[in-house]
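Written below as structure tokens is the structure these notes are about.
The values are calculated or read from the model by the stated rules, or taken from the named source; none is laboratory data. Bear in mind the structure is a predicted one, so any value in this text is a computation, not a measurement. In this analysis, Cβ positions are derived from the backbone assuming ideal geometry, glycine residues included, and neighbour counts consider all displayed protein chains. Quick note on the areas: whole protein, heavy atoms, side chains included, nothing else; ligands and nucleic acids left out. Shrake-Rupley method; radii C 1.70, N 1.55, O 1.52, S 1.80 Å.
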Amino acid sequence: MELERLATDILILGSGGAGLFAALHAFKTKPGLDITIATKGLLGKCGCTRMVQGGYNVALHPGDSVERHFMDTMEGGKWLPHQELAWTLVSTAPERVRELENEIGCFFDRNPDGTLHGKAFAGQTFDRTVHKGDLTGIEIIGRLMEQVWGRPIRRLEEHRAIALVPAKDGSLAGVLMIDIRRGTLRFVSAGAVLLATGGGPTMYRYHTPSGDKSMDGLAMALRAGLPLRDMEMVQFHPTGLLAGPDTRMTGTVLEEGLRGAGGHLLDRSMRRFMADYDKNLERATRDVVSRAMYAEMKAGRTTPHGGLYISMGHLGPEKVAKEFKGMVERCRDCGFDLAGGLVEVVPTAHYFMGGVICRPDTSTQWPGLFVAGEDASGMHGANRLGGNGVANSTVFGGIAGEVMPRWIAANPGRPAPDDEVLEHEMSRALHPFRCKPGNLNALRERLLDAMWDDVGVMRDAAGLKRAIETLAAIEAELLSTGIADDDHAFNMGWHDWLNLRSLTEVSGVIARAALRRENSRGAHFRTDFPEPGELATSTFTVARLHAGEIEITDEPVEFTHVKPGESLIEKRVAAE
Ligand SMILES: Cc1cc2nc3c(=O)[nH]c(=O)nc-3n(C[C@H](O)[C@H](O)[C@H](O)COP(=O)(O)OP(=O)(O)OC[C@H]3O[C@@H](n4cnc5c(N)ncnc54)[C@H](O)[C@@H]3O)c2cc1C
């Protein structure tokens, strides 16, 4: 197949909060640069930032502080976060929220005195989650999209990145992608590349992220030899909607604020079971509530579709309908009355804390490659606080947009790609056209089950080893399974195949990292190693592809701001 070519200064992969902020900041930093956003979906309509419901964590309110936000992030992350990254996140969030309101044009909900309203989110010691009702992401991504449209920034919509391509000397040359509409291959050479494809653990039976996310970014990074951190850390959100097997609405999230506002979780006999698991009841962190629900489900105390109930009616149906309008409407569409009745829910894979290792300025081990948003790792450690996800993508997307123009100025030129690698990657992408057509959906179902049953909310060595074997078998079958339609244009079968390949590859890394971590921290729970281990000697996992095999090693966490047992809040009070 013929290869189309394009050259640009800055190439941004993904158009979520990270990608769009990066484009705007790069344009502001150096307006003359040629900036290109390539995205798998339609700009402003794809990815998870648009799906953000609850809101954005930011320490802006009297009584709150950046130090308090930082400490909540450490405690929530079970002392595994990279402290410099977490500090950058919490200390830049106030600036980013002001920018969203004053420059980008977002309106967030306000208190009667005109200050920004902060709502309660589980696992936080202060109500700091700024929001627009319960559909905050539409406000953020809609306004960001308009700002990008208003500037001369090139948009390659429905372009799927498939490989990071080096030059012969190993430096980064650019990215190979598929123009999904036309089914053609295109190489984009770039001075700097931002990976912002948003992770997305869609390899679990129940999951929340948008369907365009299939871990492509992490699969590309892994193949390019980059180290990935915290890959065992998959966050499950406790309240995924359970609306039966035949609707994509199953798994979609009912926002955290429902539990924050006082919602009750009930088993099928209407018993409020959280008291058996945690003193914070439904307001415990996501990992704790998800595990409690999973244990109740394993014990068989389930609702008709195999989940549990959330009940809000005791808070007053009118109040619930007013405060959670979007959630109430979503449930009504599926036949449930959230405001006054019961809704069936199930833990659902929501966020991926693992990702590419990066520095606080978003640079990676590969000069010229930057990473931001859910593709990056380290900020959240073992557990992301609700509200820290969109803060993460907008904070670090903005930073990447400032850093990349400076990097290009210091490192001018665009090296030519290594043609051998390019040929190999093109052939890899076209592989399913050379195989006999088979049943891709059956393979997908096996993947969803293997990950849900053996690499899910609760894990043990036997299950993880079983999953590693199953995943290898799925991958081998995938490589001999082709697609029925040989027209490359808008061939969704082809893209399903590529999605499955990325998901299966990254699933293998998750299972191996989970097997390596022989303790239980945050989102990672081993029934055979239920203790968290010594906090002071905490380590994080690093995964690399070496000679075709995935290697997992441990590295010590550096406590550069605060050690376990200490608090920045006390330190600050003492200093004052
Ligand atoms: C239902 C839901 C509710 C959420 N609510 C909250 C909340 O209330 N508060 C909070 O803080 N966080 C929330 N999150 C998490 C939050 O949405 C994410 O952490 C954040 O938006 C990720 O931003 P991003 O820019 O990294 O990725 P995304 O916004 O997901 O964007 C990824 C982009 O990459 C593109 N892409 C993917 N693969 C490729 C490829 N191969 N080539 C090119 N482009 C590609 C996608 O099309 C998309 O444009 C929620 C997530 C979900 C799913």
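What FRET efficiency, computed as 1/(1 + (r/R0)^6) with R0 = 35 Å and r the Cβ-Cβ distance, is obtained for H546 and D419, rounded to the nearest 0.05?
Values: r = 24 Å, r/R0 = 0.70.
Taking R0 as 35 Å, the efficiency between H546 and D419 is 0.90.
Please calculate how many Å² of accessible area region 264-332 carries per residue, with a 1.4 Å probe and no DNA, RNA or ligand atoms counted. Working shown, then result.
Details: 3420 Å² over 69 residues.
With all protein chains present, region 264-332 gives 50 Å² per residue.
May I ask you to evaluate 6.51 cos²θ - 1.76 cosθ + 1.60, the Karplus curve with θ = phi - 60°, for each residue of region 561-570 and list the ³J(HN,Hα) values in order in whole Hz, giving x for glycine and proline?
Running phi through 6.51 cos²θ - 1.76 cosθ + 1.60 with θ = phi - 60° gives 10, 7, 9, x, x, 9, 9, 5, 5, 4 Hz.
Run the accessible area of the chain with a 1.4 Å probe and give the carbon-and-sulfur part as a rounded percent.
On the way: 10850 of 21300 Å².
The value for the chain is 51 percent carbon and sulfur by accessible area.
Which value, in debye to the nearest 20, describes the size of the charge dipole of region 310-384 about its Cα centre when Lys and Arg Cβ atoms bear +1, Asp and Glu Cβ atoms bear -1, and nothing else is charged? Don't skip to the end; give the middle numbers.
Working: 7 positive and 9 negative charges, 28 e Å.
My answer is approximately 140 debye.
Go through A196, H305, G225 and say which Cα lies farthest out towards the positive end of the charge dipole of the chain; charges sit on Cβ, +1 for Lys and Arg, -1 for Asp and Glu.
Final value for the positive-end residue is H305.
Read phi for every residue in region 203-219 and hand back ³J(HN,Hα) as whole Hz from Karplus 6.51 cos²θ - 1.76 cosθ + 1.60, θ = phi - 60°, with x for Gly and Pro.
Coupling constants for region 203-219: 9, 9, 3, 10, 8, 9, x, 5, x, 6, 9, 9, 6, 4, x, 6, 5 Hz.
How long is the gain from K28 to T553 if the chain were fully straight, where each residue apart is worth 0.36 nm and the alpha carbon distance is subtracted?
Details: separation 525, 0.36 × 525 = 189.00 nm, distance 4.00 nm.
Fully extending the segment from K28 to T553 adds 185.0 nm.
Can you tell me the order of 179-185, 313-319, 367-373 when each peptide is scored by its average per-residue count of other Cβ atoms within 10 angstrom, highest first?
Details: 179-185: 15.9, 313-319: 13.4, 367-373: 26.3.
Result, highest mean first: 367-373, 179-185, 313-319.
With charges only on Cβ, +1 for K and R and -1 for D and E, what is the dipole size of the chain about its Cα centre, in debye, rounded to 20? Display every interim value, and only then the final one.
Details: 65 positive and 76 negative charges, 123 e Å.
In total the dipole reaches around 600 debye.
Quick check: with the 1.4 Å probe, what order do M379, M297 take by accessible area, largest first? Don't skip to the answer; put the middle values down first.
Values: M379 0, M297 35 Å².
The ordering from most to least exposed comes out as M297, M379.
Mind giving me the nanometre distance, one decimal, between the label points for R151 and A299, set 7 Å out from Cα along Cα→Cβ?
Taking the simple label geometry, R151 and A299 are separated by 5.4 nm.
For a test of the definition: using alpha carbon positions, the gyration tensor, and the 1.5 limit on a/c, classify the chain as rounded, prolate or oblate.
Rounded, because the longest to shortest axis ratio a/c is under 1.5.
Per residue, what accessible area does region 453-549 have, given a 1.4 Å probe and all protein chains present, in Å²? Write down the numbers at each step before the final one.
Details: 4130 Å² over 97 residues.
The answer is 43 Å² per residue.
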